[in-house]
1. Does segment 25-48 contain at least one residue that is assigned to a strand (DSSP E or B), modelled with pLDDT of 95 or more, within 24 Å of Ala95 (Cβ to Cβ) and over 11 Å from the mean Cα position of the chain (by Cα)?
2. Report every pair of residues separated by at least 6 positions or lying on different chains whose Cβ atoms are under 7 Å apart, first residue within segment 28-41 and more than 13 Å from Val76 (Cα to Cα), second of a type in the set (Lys, Arg) and part of a loop (DSSP other than H, G, I, E, B).
3. Checking His107 against (1) out of contact with any Ser or Thr (no Cβ under 9 Å at 6 or more places or on another chain); (2) surrounded by fewer than 15 Cβ atoms within 10 Å (Cβ to Cβ): exactly one of these is not met. Which one?
4. In this structure, is Ala77 over 21 Å from Gly94 (Cβ atoms), small (Gly, Ala, Ser) and surrounded by 13 or more Cβ atoms within 10 Å (Cβ to Cβ)?
Amino acid sequence: MAGEPQADCLFCKIVAGEIPATVVRETATTLAFRDINPQAPTHVLVVPKAHYPDAVTAAGADPALVGEVIAEAGRVAADEKVDESGYRLIFNTGAGAGQTVFHAHVHVLGGGDRLHEKLI
């Protein structure tokens, strides 16, 4: 069922505290943690605690939740001191776009002088 934790989902396990992660922020509805394979000096993932396979599904089911995820991503950028220099928010949707964990999440990337050249 949409929104319910999935036993085979890596991010659901991180949200539940079953798998360790370096948490940088947490709210009642979101969790932000460092990516284990960073693609930029700042690379943090912000996930809704509720399970949705991708951002589009989450937005269809709970648009306010996706708004909270994006707002939290902005707070992460400020905490990481990349809000003034610039940062990227990236949602990958589907395997063809590079999504490897099918739990909605946004990548917060920043801190690289040439970040705009590395990513499309």
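The values are calculated or read from the model by the stated rules, or taken from the named source; none is laboratory data. Keep in mind the model is a prediction, meaning the values are calculated, not measured. As a convention, Cβ positions derive from the backbone with ideal geometry for all residues, glycine included, and neighbour counts pool all protein chains shown.
1. Looking through segment 25-48, none of the residues is assigned to a strand (DSSP E or B), modelled with pLDDT of 95 or more, within 24 Å of Ala95 (Cβ to Cβ) and over 11 Å from the mean Cα position of the chain (by Cα).
2. Final answer for the pair search is Thr29/Lys49.
3. (2)
4. When the stated conditions are applied, Ala77 passes them.
Matching residues to (1) within 14 Å of Val24 (Cα to Cα); (2) touching a residue at least 40 places away in the same chain (Cβ under 8 Å):
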position	(1), (2)
His51	no, yes
Ala55	no, yes
Val66	no, no
Val76	yes, yes
Glu84	no, no
Ala97	no, no
